[in-house]
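Working notes for the structure below.
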Amino acid sequence: MSKPPVLVVDDDSELRDYVARALKVEGYPVEAFGEGGAVLQRLDQSAAAVVVADVFLTGLNGIELLKRVVEGFPGTEVVLTGRDVPTATIVSAMRLGAADFVEKPLDVDHLLLCVGRAVDRGRLAFENQALKRVMGLTAGGEIVAASPRTIQVLEQVDLVAGSDIRVLVEGESGVGKELVAQRIHRNSPRHDKPFVAVNCGAIQESLLESELFGHKKGAFTGATTDHRGLFEVADRGTLFLDEIGEMSLDLQVKLLRVLERSEFRPVGSTKTVRVDVRVVAATNKTLADEVAAGRFREDLFYRLNVIHIQVPPLRERPEDVPALVEAFLTGHRRRGLPRKTIAPDAVQALASYPFPGNVRELRNVVQYAAAVGRGPELVLAELPPEFRGEGPPTGEAGPRTTPAVVAPGDDAEQIRWALAESGGKISAAAELLGMSRATFWRKRKALGL
């Protein structure tokens with residue numbers, strides 16, 4: 001099996017080249033850089049498994065590089081090196097997410113061992129995420145339905161699941177569109193074949209084509225091996241295209257061809273690959289409005305929108321709230337945490353709340369209350385202040401709701417709000433806005449925030 005790419009960054013050119021040669025001898029595709037900013041630019045183009053970086057880089061130092069990689073490129077591990085690095089700095093780096101630290105002068109055999117461990121660690125993290133997705137399809141991930149609106153949605157889902165008709169799912173962020181797609185797959189004749197999900201807004205535009213259709217070795221800088229695209233991975237199964245409204249017009253043309261012909265050519269290949277894939281797409285936008293505005297192709301819209309499912313926001317189905325709360329508390333117990341119930345007045349307060357973040361926000365609130373609550377029953381006083389009719393005090397931790405003054409399309413204000421509410425934690429801020437950490441980081445960078 002071919003080894004994944006490794007990036008080496010050190011401002012000592014002689015040592016940098018020495019480490020790169022040692023890694024190449026072990027079979028790793030290697031690229032070497034003299035400063036950290038170049039590594040980030042390289043990662044923007046294509047993924048790498050490991051970055052080997054000196055702590056005391058000039059310019060963007062190794063610790064800052066580590067933070068940026070952890071925030072923006074969660075699939076990449078970082079191995080730090082350095083001479084006379086304070087123990088406190090090493091401990092801090094490990095807490096930030098470094099895979100390992102190697103003292104200089106370097107023992108190359110030890111460095112190679114650490115890089116190998118980092119590769120294994122990244123692969124294990126990826127497999128764990130994949131396993132969680134499979135477990136969600138086979139042992140959970142069901143939609144909780146107590147309201148007439150949600151029951152109607154499930155009836156529609158079950159009606160179309162048995163066919164191969166394409167489905168477009170629309171609804172606000174956090175309403176459970178991926179759960180709808182999973183239920184369609186689970187109840188379809190393809191249930192024992194792959195369910196593959198991709199967030200079209202979470203992958204850099206220049207890489208999304210390769211992610212969907214694959215590429216051949218040498219197709220572009222960093223394409224060191226052949227790569228199967230997600231259409232091929234999902235063959236005979238279901239491909240879920242989330243945030244389809246974020247796809248560029250150029251890539252929409254290529255997707256349209258695949259839907260029309262059930263075939264495509266990987267990037268850099270002259271051979272056509274035929275696939276049998278059911279496509280379910282989702283968006284938190286109104287795609288018909290995007291067509292009218294010229295941001296989405298009309299012909300692709302009609303190809304995707306054979307069956308339209310609209311998932312209502314949680315504020316329009318408050319009857320679901322008690323059942324959802326119970327489901328979240330059951331999940332709390334399944335993780336080995338203390339058994340919790342909830343007081344009737346606390347349930348009523350939750351059911352009366354508009355929840356702009358929908359089910360995802362409700363889950364965060366329940367998890368917060370379960371974490372801070374001291375007794376076996378969650379009471380109203382343990383919910384965040386806004387659920388008790390109070391304004392959230394300055395500096396208080398815990399989930400909040402998006403201010404009404406923040407328009408849905410105002411990315412800069414939403415990002416500022418999410419960072420403030422999460423105490424500057426990127427993962428938490430991204431979750432509040434219903435996007436991946438990589439998407440959040442890229443939007444923040446593009447807006448200069």
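Things to note:
- Just one residue in the set 326, 361 is closer than 24 Å to residue 155 by Cβ, charged (D, E, K, R) and either free of Cβ contacts under 8 Å to residues at least 60 places away in the same chain or not assigned by TED's automatic domain parsing to the domain that holds residue 166 (or both); that residue is 326.
- Looking at the range 139-233, the helices (runs of 4 or more DSSP H) lying wholly inside it that each contain 1 or more residues that are exposed (fewer than 15 other Cβ atoms within 10 Å of the Cβ), over 25 Å from the mean Cα position of the chain (by Cα) and free of Cβ contacts under 8 Å to residues at least 24 places away in the same chain sit at 148-161.
Yes/no per residue for (1) touching a helix residue (DSSP H, G or I) at 6+ places or on another chain (Cβ under 6 Å); (2) outside the structural domain of residue 275 (by TED's automatic domain parsing); (3) closer than 22 Å to residue 283 by Cβ:
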| position | (1), (2), (3) |
| --- | --- |
| 182 | yes, no, yes |
| 185 | no, no, yes |
| 191 | no, no, no |
| 196 | yes, no, yes |
| 199 | no, no, yes |
| 203 | yes, no, yes |
| 206 | no, no, yes |
| 216 | no, no, no |
| 219 | no, no, no |
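- Residue in the range 63-78 that is buried (at least 16 other Cβ atoms within 10 Å of the Cβ) and part of a strand (DSSP E or B) present: yes
- The residues of the range 1-21 that are under 23 Å from residue 75 (Cα atoms) and of a type in the set (A, V, I, L, M, F, W, C), listed by number, are 1, 6, 7, 8, 9, 19, 20.
- Residue 273 modelled with pLDDT under 95, over 25 Å from the mean Cα position of the chain (by Cα), assigned by TED's automatic domain parsing to the domain that holds residue 151 and surrounded by 16 or more Cβ atoms within 10 Å (Cβ to Cβ): yes
- Here the range 248-268 is the region considered, the condition is being within 17 Å of residue 204 (Cβ to Cβ) and not in a helix (DSSP H, G or I), and the residue that is farthest from the chain's Cα centre (by Cα) is 267.
- Candidates 288, 281, filtered to the one that is among the small types (Gly, Ala, Ser) and surrounded by fewer than 16 Cβ atoms within 10 Å (Cβ to Cβ): 288
The values are calculated or read from the model by the stated rules, or taken from the named source; none is laboratory data. Note that the coordinates shown come from a computational prediction; the quantities given were computed from them, not determined experimentally. Note that each Cβ is placed from the backbone with ideal geometry, even for glycine, and that neighbours are counted across all protein chains shown.
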